[in-house]
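**Student:** Could you have a look at this structure, given as structure tokens, before my questions?
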Amino acid sequence: MRFTLLAFTLAFTAACGDKDTGTDSGGGDSGASEVDAILALTGDATAGGTTFSNTCAGCHGADGASGYAANLVEEIPSKDDAFIVNIIINGDGGGMPAQDLSDQEVADVLAYVRATFGG
């Protein structure tokens, strides 16, 4: 039984990749170093606009407010950069899934949403 559980766990982990799922509720630094690395990058709002259009607008709307997902016009100004990056890379544990973007793409999207929706 123990071997079966171990094999399942390893197979599940391999299938899901090594991306942090953001489900650590223990307050540890799970994903913190990745967030810090992204925050250290210089984001390009123009490139972020393209990534937003291709990746985010389907749920949030092109204007950030007309989709079925969170209204970014209302949400972005009240959130800090680390929170936004964490949600992009790990999802929110609800309707927002983790996004499969490079660190630079995440930094670019952060620059775009800050420039476009406030902050």
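**Student:** Between a first residue in the range 87-104 that is at positive phi and a second residue that is assigned to a loop (DSSP other than H, G, I, E, B), which pairs have beta carbons less than 6 Å apart while being 6 or more apart in sequence or on different chains?
**Tutor:** What qualifies is Gly91/Gly22; Gly91/Pro97; Gly91/Ala98.
**Student:** For the range 72-80, state whether one or more residues are hydrophobic (A, V, I, L, M, F, W, C), modelled with pLDDT of 95 or more and farther than 13 Å from Arg114 by Cα.
**Tutor:** So far as the range 72-80 goes, no, none of its residues is hydrophobic (A, V, I, L, M, F, W, C), modelled with pLDDT of 95 or more and farther than 13 Å from Arg114 by Cα.
**Student:** Quick one: Gly119 ticks every box in (1) modelled with pLDDT of 95 or more; (2) over 10 Å from Gly43 (Cα atoms) except a single one, so which number is it?
**Tutor:** Checking Gly119 against (1) modelled with pLDDT of 95 or more; (2) over 10 Å from Gly43 (Cα atoms), the one that fails is (1).
**Student:** Still on this structure, I have one more. Residue under question is Thr55, and the condition is that it be touching a residue at least 40 places away in the same chain (Cβ under 8 Å), farther than 13 Å from Ile38 by Cα, surrounded by 16 or more Cβ atoms within 10 Å (Cβ to Cβ) and out of contact with any helix residue (DSSP H, G or I) (no Cβ under 7 Å at 6 or more places or on another chain); does it hold? Break it down stepwise before answering.
**Tutor:** Details: touching a residue at least 40 places away in the same chain (Cβ under 8 Å): yes; farther than 13 Å from Ile38 by Cα: yes; surrounded by 16 or more Cβ atoms within 10 Å (Cβ to Cβ): yes; out of contact with any helix residue (DSSP H, G or I) (no Cβ under 7 Å at 6 or more places or on another chain): yes.
Taking the combined requirement at face value, the residue satisfies it.
The values are calculated or read from the model by the stated rules, or taken from the named source; none is laboratory data. Model, not experiment: these values are computed from the prediction. As a convention, Cβ positions derive from the backbone with ideal geometry for all residues, glycine included, and neighbour counts pool all protein chains shown.
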